[in-house]
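See below for the structure under consideration.
The values are calculated or read from the model by the stated rules, or taken from the named source; none is laboratory data. In this text the structure is predicted, and so the values were computed from the model without any measurement. All Cβ positions, glycine included, derive from the backbone under ideal geometry; neighbour counts span all protein chains shown. For the accessible areas, the whole protein counts, side chains as well, though only heavy atoms, and no ligand, DNA or RNA atoms are used. Shrake-Rupley method; radii C 1.70, N 1.55, O 1.52, S 1.80 Å.
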Amino acid sequence: MKFQKVIISTLSLFFTLQTQAYTVGVVMPTQNEDRWYHEGFELEQQLKSKGFNVELFYGGDSDITLQNRQIKRLADSNVDALVIGSIDGNALTESLKDAKRKNIPVISYDRLITGTDAVTYYVSFDNQQVGKIQGQYLIDKLQPTVDNPKNIEIFYGSLDDKNAHFFYEEAMKILKPYLDRGALIVKSGKISPEQTNIPGWRTDLASKRMDEILDTVGYSANGGTKLDGILSLADCLSEGIIFTLKKRGYTPSNIPVITGQDATAEALKNVKEGYQAMTIYKSSEELHEAVLDMLKSISSGHKATVNDTTTYNNGVKDMDSYLCTPELIDNSNLAKLL
Ligand code: BGC
């Protein structure tokens, strides 16, 4: 018994010493969005509480040059692992070459880093599932038919973020048959990612685009052409959209069905007040637990546990991924998050 205790305490001392010396570079895309701002600090705290050293950097206002510099600097300073929430997943190939040369494991955090074999693991939510939930929600709420068609508009995210592509593709698989037979109509005529994207996922640009659509199509809160639904890929866009719609006289009784994701504080407030129909909760605790488990395995020389090896390909390889489960939130279950 005594012997066992000695072994256990020696092992935990070994693990503590090992993780204390283990430095993780955490690189987040921006500090200007609720989601990323909070997640950077939360992850840092959690890793530190488990004995890891952490170097945390934010990419300014989604500044890709800055993010590349941060990654190079971390690789040069010989961190033991990198956790990267990318700005433009396809623009890190050069800086990640340094990491690869130094055998630094790289975890692609939430957003898939593409076009490089330097990425070791992908930890995210099932982003395809997110898009499915958003598309299906619009159909369920609008019940569009050829005899009773509904008007929708589409707000894609940032063109350089691969996640936006996954959300959109899956949502569109559900919406397209309705669009094709005229049960759903996009009166602005803007449907493709190139026509509907919001650079940098910026709230102010989403707001501006909403204004332009109202003006050009002639949608109106009182009489006029009715806007029934908006496929908005994330809460940061929905916030800008709702800002404009409120300003233009929309109220909870006539606002279109607006989707979102992230369950930001603003979105939860909007769902509660009836301005936003739904959001998607992506538990940062679950995501961080997965990152932590991976780092524990990697730092002790083991392979990390993954739960998917076929769904996400980064253009170079099928990613060893750990995918967490997104959860639909609307006014029927909002209470659990308040
Ligand atoms: C993330 C979303 C987020 C969006 C804007 C996406 O890559 O998966 O959760 O809302 O970026 O930051």
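A few remarks follow.
- Reciprocal mean inverse distance between Cα atoms of the chain - Kirkwood radius, Å: 21.2
- For C324, the residues 5 or more places off, or on other chains, whose built amide H falls under 5 Å of its own are S124, F125, D126.
- Spin-label model, D308/E285: points 7 Å from Cα along the beta carbon direction are separated by 2.2 nm.
- Considering only Cα atoms, the convex hull volume of the stretch 154-198 works out to 57 Å³ per residue.
- Sorted peptide list for 276-287, 119-130, 315-326, criterion being average Cβ within 10 angstrom, highest first: 119-130, 276-287, 315-326
- In the structure shown, the pairs K97/K176; K141/K247; K48/K97; K150/K208; K187/K272; K282/K317 are assessed against 31 Å; a Cα-Cα span above that value is assigned to K97/K176.
- For the stretch 260-338, a simple Cβ point-charge model (Lys and Arg +1, Asp and Glu -1, everything else neutral) yields a dipole of about 80 debye relative to the Cα centre.
- Accessible area of the chain belonging to carbon and sulfur atoms, whole % at 1.4 Å probe: 51
- Ellipticity estimate at 222 nm from DSSP helix runs (n ≥ 4, -39,500 (n - 2.57)) divided over the chain, nearest 500: -14000 deg cm²/dmol
- Candidates T216, V83, N148 compared by Cα position along the dipole of the chain: farthest toward the positive end lies V83, with charges placed on Cβ.
- Each of the peptides 49-57, 66-74 was scored by the mean count of other Cβ atoms within 10 Å over its residues; in descending order, highest first, they stand as 66-74, 49-57.
- Diffusion of the stretch 214-306 by Stokes-Einstein, at 25 °C in a medium of 0.890 mPa s and with Rh set to the Kirkwood radius over alpha-carbon pairs, works out to 160 µm²/s.
- Taking Cα atoms only, the orientation of helix 235-247 departs from the longest principal axis of the chain by about 30 degrees.
- Assigned charges on the beta-carbon of Lys, Arg, Asp, Glu; the chain dipole about Cα centre (debye): 320
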